[in-house]
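The values are calculated or read from the model by the stated rules, or taken from the named source; none is laboratory data. Because the structure is predicted, anything quoted here is derived from the model rather than measured. Here the Cβ is made from the backbone with ideal geometry for all residues, glycine too, and neighbour counts use every protein chain on show. Heavy atoms of the whole protein, side chains included, go into the accessibility calculation; ligands, DNA and RNA do not. Shrake-Rupley method; radii C 1.70, N 1.55, O 1.52, S 1.80 Å.
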Amino acid sequence: MEEKRSAVFTIILLSAILLALTGADLIQGDRLYSETENKVLASRPKYSAESLLSGRYTREYETYLTEQFVGRDKWIALKTYMDVSLQKKEINGVYLARDGYLIERHLPGDYSSVQEEKKLLLLEKLVKRWDADVMLVPTADNILTDKLPPFASFYDQEKFLERVKSRVGQEHYLDIYTKLAQHEGEELYYRTDHHWTGLGAYYGYLTWAESGGTSADRWKPEDMETASEDFLGTLHSKVNLEMQGDRILYFPEENGHPESVTYDFGRTADSCYETSYLDKKNKYGFFLDDNHAFVEIDTGYRSKKSLFVIKDSYANCLIPLLMPYYEKIYVMDLRYFNGRLFGFMEEYEKLGDMDVLVLYNCIHFLEEFQYLE
């Protein structure tokens with residue numbers, strides 16, 4: 001009888017918890033966007049017999065329930081603290097590294113030689129047509145190896161970059177890997193985010209300038225100013241631990257204030273920095289107003305040269321440093337562009353002498369670099 005009572009009590013308790021969570025979920029309603037995770041959340045999938053039979057409906061509904069679960073952020077934090085108490089060194093794809101660093105995990109098996117080859121063929125075609133320069137930035141797990149947990153595995157981006165150099169030619173390859181490795185003891189990456197810092201981007205600028213024989217004396221690290229001291233980035237969102245925020249350092253525009261910055265052929269600003277993001281979770285959006293399909297910068301410098309940048313978000317904090325060298329800078333994020341790239345670029349090539357730069361981090365390049373000619 002005692003066992004039966006215990007079983008009945010357990011069933012009632014679990015049912016009550018599920019009923020309470022369901023009620024709370026209905027009251028809360030669906031959230032469109034997670035400020036903590038900096039992403040659009042899954043919406044309730046539409047039911048159809050075809051989607052059910054194919055399995056798509058159940059997969060999408062599982063994702064929907066996972067992302068819309070009431071109190072999701074608090075449950076993530078609770079699970080993380082439990083994992084930490086068990087002395088786990090990796091949580092939700094993030095290494096808990098030394099000196100307070102969170103470092104995104106990229107395993108060797110995540111990127112096949114076939115995947116590498118597909119991206120390299122696209123890159124070769126672009127470099128050949130546009131005489132483009134290529135800067136693929138290694139992520140923190142390849143540069144800050146001394147901070148990784150013991151025996152932590154990572155995808156060898158140095159080896160991949162050797163393939164990149166051999167395929168595009170040394171004259172087109174900007175060796176940012178070597179430059180960052182020479183300064184590995186400095187704050188090149190944020191502790192709570194996957195991006196490189198303003199200092200990391202400065203070394204990207206030096207690499208670009210030295211490769212082209214250009215004077216690199218316009219910017220100095222000591223000239224950087226603080227935009228924020230409490231930045232908690234995308235990696236923090238994955239583990240949701242209580243942590244000290246990062247400083248966001250940037251180069252002020254006194255030495256190069258743009259005449260105009262036009263986003264997606266619409267809204268116009270007079271700065272590459274958008275201060276409204278400093279009051280949000282996604283503070284990295286301070287650089288170039290986060291991500292847009294196309295940005296056109298009229299730098300105010302009359303060099304009669306232009307630059308077309310094909311990029312991911314790593315480029316956002318470096319592009320302001322390139323303004324004094326070009327009259328116009330065109331910035332393309334292929335993730336948000338649906339047209340034919342070469343035809344689009346040809347319209348801007350007609351306007352004058354145009355350099356082309358491909359600037360991604362290695363992982364985003366392998367995962368996202370894709371275009372239609």
* Asked: Tally time: how many residues in segment 340-372 are modelled with pLDDT under 95 and more than 19 Å from L307 (Cα to Cα)?
  -> 1
* Asked: So which of L206, L232 ends up being among the aliphatic types (A, V, I, L, M) and under 17 Å from the mean Cα position of the chain (by Cα)?
  -> L232
* Asked: Of all strands (runs of 3 or more DSSP E) completely enclosed by segment 231-337, which ones contain at least 3 residues that are over 25 Å from T214 (Cα atoms) and open to solvent by 10 Å² or more (accessible area, probe 1.4 Å)?
  -> none
* Asked: Tell me, which helices (runs of 4 or more DSSP H) lie completely within segment 25-130 with 2 or more residues that are modelled with pLDDT of 60 or more and open to solvent by less than 70 Å² (accessible area, probe 1.4 Å)?
  -> 49-54, 56-68, 113-130
* To do: Could you tell me whether W196 is under 12 Å from V137 (Cβ atoms), touching a helix residue (DSSP H, G or I) at 6+ places or on another chain (Cβ under 8 Å) and of a type outside the set (S, T, N, Q)?
  => yes
* To do: Go through (1) over 20 Å from K311 (Cβ atoms); (2) open to solvent by 50 Å² or more (accessible area, probe 1.4 Å); (3) touching a helix residue (DSSP H, G or I) at 6+ places or on another chain (Cβ under 9 Å); (4) of a type outside the set (F, W, Y) one by one and return the number of the condition D141 breaks.
  => (2)
* Structure fact -> All-but-one check, D146 against (1) open to solvent by 10 Å² or more (accessible area, probe 1.4 Å); (2) in contact with a strand residue (DSSP E or B) (Cβ under 7 Å, 6 or more places away or on another chain); (3) more than 29 Å from C272 (Cβ to Cβ), failing number (2)
* Structure fact -> When every residue in segment 191-210 that is farther than 14 Å from L318 by Cβ and in contact with a Leu (Cβ under 8 Å, 6 or more places away or on another chain) is compared, the one most open to solvent (accessible area, probe 1.4 Å) is R191
* To do: Being in contact with a Leu (Cβ under 8 Å, 6 or more places away or on another chain), of a type in the set (V, I, T) and within 30 Å of R340 (Cα to Cα) narrows it down to one of V127, V134, so name that one.
  => V134
* Does segment 340-357 contain any residue that is crowded, with 16+ Cβ neighbours inside 10 Å and within 17 Å of the chain's Cα centre (by Cα)? -> no
* Asked: Assuming R218 fulfils every condition listed in (1) over 19 Å from Y202 (Cα atoms); (2) more than 22 Å from the chain's Cα centre (by Cα) apart from one, which condition is it?
  -> (1)
* In this structure, is D217 acidic (D, E) and buried (at least 17 other Cβ atoms within 10 Å of the Cβ)? -> no
* Flag if T226 is open to solvent by 10 Å² or more (accessible area, probe 1.4 Å), among the polar types (S, T, N, Q) and not in a loop (DSSP other than H, G, I, E, B) -> yes
